[in-house]
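We did not get these values from a lab; they are worked out from the coordinates using the rules stated. Remember, it's a predicted structure, so these values are computed and weren't measured experimentally. Every residue, glycine as well, gets a Cβ built from its backbone with ideal geometry; the counts of neighbours run over all protein chains shown.
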């Protein structure tokens, strides 16, 4: 029996680094990482069958529902190797699986010596996994290639073993084959982790240095900070210090997760665990920062610390203006657990009071919005997402624009927009469709490689703004769902960009303004004007809808004045019905927003700000898919 | 103080359901497979008489009945003798005013001169024919069965047998109806021996065959702008022929206005007899169970057929007063509205939807243009 009785296992703070193996799992959403992790918890007996629940490590409801991991965690697994009979401690460091959380992934990798590359052998490797694999290889991590879901009838382990071997530079037969679902091959995997991944190396006598790879807010405990000790030792008696800020904290508790928190005396070289300091806000304990001790601080920080930088901005407004204070409260609360979320109050003539929020990416945005709606019970409208533009004004001064309404109307020298390097993996039959889409989105082809006979990796540079606007949905639909996408920011480039305003009866509607490429301004203008013509009910007077760049009108529609607003029949039995209709209309009128003299139903704003893909998603959700 | 009580009598049977109709009516086959109207309606009038006894016991008024209206369904499917029996019973229980108006809705296809004569003899003195259109293709879209020529015959027979008041119902705005079609319908109607016309723009009611056809894209939705033009044309032609509008969708000449309907719009009291019929008594509204079989069971078990009732709040009564009153030429007294409401509609005087003369005379009343946006003006007043 390779599992070890927990009480007799090597204890935290006194574990020989030679007995430790730190690893993470690199996998795409739904390639079975959580199921495999569950299986490891079971086989190492840190969770008994009775307490096992599916996806044990994903704590938030949203994570469990979407099958994705937003926040990583680390679990200490005692294991007796079946190969040499020795006792080991395996620290499994969970990694988020989405492009928006690349930085957090990089820190999880930095805390590990090895990585399990987990690939669904019915689907093959996906773009984000590939990106994370490259990141792991750059960090000199030992990679253990693993094909998961070998129990599936559609499994093609030979094909994808070839693919992985080619990517890593190993032999196809080096790929382990497991099934997280049945448990097949998992024991062998644990043994191979011990055998292949090097033990951590550090100086136990040096000043303490621990890498923060995650930081989570807990209602009862405050911020729980997950660390990997590189040098020295952390103990409950220490006062600790954050390297980036120099701020000192009391150490209230040190421990490991196995997989529930277990208090320990401390953490030694190579160990992974958590510290609690009483801090109430994750921004005071940032991912990537170095923890050292106050009395014997290190002079050299661990490398790689970055401040999270929002890439995508959107306005969030409560449907009911009275919910504005609740929205503020909910954002404040969310920020305690999300160092990457930024926001400031925004006032829109059309949508009222709300907040301009910055996110790491689209998924991050979606998750934040969903949590606000779910956890705080708010109904929100979000404006079209925007990237961060640098506008060089006529006087040579720079202006950072995250909201189209801030885009200057006077003379502009140049506009710079963020550029990303995008990687798309897909079956080769879709090359044409993908290139067409990227071309259409102002992309520049960087290169293309075959991963296997019929799968390609296509690399493009693209303006981030193009990706933000339903690129992923388009990519999925053009490739029947087979393509995967990863991107990373690589800088900025000058673009021929203009602001398109939408006017109702010559009155600008701020919520509909957009910064777009000059060649696409006309398309945006006609799309919005015709959409609004459908959505806004006819008024007593004709309502012109125009799209304009500055004072130049580029598209125009008009809503004809209503001619007939009367119910022809009203007899005995109609009276109650008609009165009730009137009462309903009265309620509806309360939800109308006035743009000048034009009454615009709130639904029209929502629908105009919603892409077709959003509508499909909402429908799918309504069907419970 | 007691108020007079009118009666509405619902006849829930049709030989066939028309595609646009969402009324509470049933074909014999729906009620009892393989049966005919005579079979399913057997004993129906006795149930209605029984319900009228409930009305008698509950209404304290000793006023005589001013108006009675047989609606449907197709009331002319009933035997005139049966209708006469019901009228006798009502007359015995409540009494009739000397100038009582008794209306029946009629399908031009289900009447003969003899039948009309019998109906007249039973005491019915006003008849309203469902003409709808003079165009065969429009009638076909409406899924109506009658031959337009039958209307000519039926109205003249009605005159011959002594109906003083003869009306036709028209529908405009049917998909596929051209302006010329409508004009021809108006001309045909004006050539009839009538003193009353009701003209309704077609409403696509949800749940009807027509709504399904529109949803499937087989028939386009009626065009509101064209319907507005058709309304204007109708009013112009009717006026030229000496008919006066006395409610949004109703025109009369020679004192042919329907007093029963006016009672609805003025908020008077009435009792609706029969399945699904609505009643109004001093701010209380109630209505009967909808299905004829359920109605029959209730009455036979000597239970009240009332399914639901509501006691109007004063705000609701005010809403009804405004939405009904504005439909009439005299409109609403300004003194009955708040200054906020008056301020909210003042702009309609300059834009031409409200009559300036009436305003100066202390009334809020609609112009021709205003009649087309009556509901909007009601919302302005009430919100």
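Taking the 0 to 90 degree range and rounding to the nearest ten, how far is the long axis of helix A:186-196 tilted relative to the main principal axis of chain A, both from C-alpha atoms? Orientation of helix A:186-196: about 70 degrees from the principal axis.
Before anything else, pin down the relative contact order of chain B: Cα pairs under 8 Å, at least 6 apart, normalised by residue count, whole percent.
Once normalised by length, the contact order is 15 percent.
Helix A:612-622 and the longest principal axis of the Cα set of chain A meet at an angle near 70°. Whole-percent P(r), region B:171-328, all Cα pairs, 5 Å bins from 0: 2, 8, 13, 12, 14, 15, 16, 13, 6, 2, 0.
Give me the orientation-averaged projected area of the Cα convex hull of region A:519-616, in nm², one decimal.
Details: hull surface 34.2 nm².
It is 8.6 nm².
Over region A:112-270, what is the relative contact order in whole percent, taking alpha-carbon pairs under 8 Å and six or more residues apart?
Working: 254 pairs, mean separation 25.5, N = 159.
Across region A:112-270, relative contact order equals 16 percent.
Calculate the FRET efficiency for residue A:166 and residue A:280 from the Cβ-Cβ distance with a Förster distance of 45 Å, rounded to the nearest 0.05. About 0.40, to the nearest 0.05. First measure r as the distance between the Cβ atoms of residue A:375 and residue B:301, then evaluate 1/(1 + (r/R0)^6) with R0 = 51 Å and state the FRET efficiency to the nearest 0.05. After rounding to 0.05, the efficiency reads 0.40.
Order these by the 10 Å Cβ neighbour count, fewest first: A:415, A:194.
Details: A:415 21, A:194 24.
The fewest-first ordering by Cβ neighbours comes to A:415, A:194.
Between helix A:33-43 and chain A there is an angle of about 30 degrees, using the helix long axis and the longest principal axis of the Cα atoms.
For the residues A:416, A:407, what sequence is obtained by ranking on other C-beta atoms within 10 Å, fewest first? Write down the numbers at each step before the final one.
On the way: A:416 17, A:407 21.
Least to most surrounded, the residues fall as A:416, A:407.
Highest GNM mean-square fluctuation among B:211, B:199, B:315, for chain B modelled with Cα contacts below 10 Å: B:315.
Could you give me D for region B:315-382, from Stokes-Einstein at 25 °C and 0.890 mPa s, where the hydrodynamic radius is the Kirkwood radius over C-alpha pairs? Units µm² s⁻¹, please.
Numbers: Rh = 11.5 Å.
Diffusion coefficient, whole number: 213 µm²/s.
Can you sort B:14, A:121 so the residue with the fewest Cβ neighbours within 10 Å comes first?
B:14, A:121
Among DSSP beta bridges whose residues both lie in the protein assembly as shown, state the antiparallel percentage, nearest 5. Looking only at bridges with both residues in the protein assembly as shown, the antiparallel portion is about 70 percent.
So what is the relative contact order for chain A, in percent, with contacts set as C-alpha pairs under 8 Å and at least six apart? Before the final figure, lay out the partial values.
On the way: 1333 pairs, mean separation 60.2, N = 625.
Worked out over chain A, it gives 10 percent.
The share of C-alpha pairs in region B:5-265 whose separation exceeds 34 Å stands at 18 percent.
Annotation for residue A:248 and residue B:85: the two label points, set 7 Å from Cα along the Cα-Cβ direction, are 10.6 nm apart.
Based only on Cα atoms, what mean projected area does the convex hull of the protein assembly as shown have, in nm²? Intermediate results must be reported in sequence, preceding the final value.
Numbers: hull surface 210.6 nm².
It is 52.7 nm².
Ellipticity at 222 nm from helices only: DSSP H runs of n ≥ 4 in the protein assembly as shown, each -39500 (n - 2.57), divided by the residue count, give -9500 deg cm²/dmol. Potential lengthening of the chain between residue A:306 and residue A:439 amounts to 44.7 nm, from the contour at 0.36 nm per residue minus the alpha-carbon distance.
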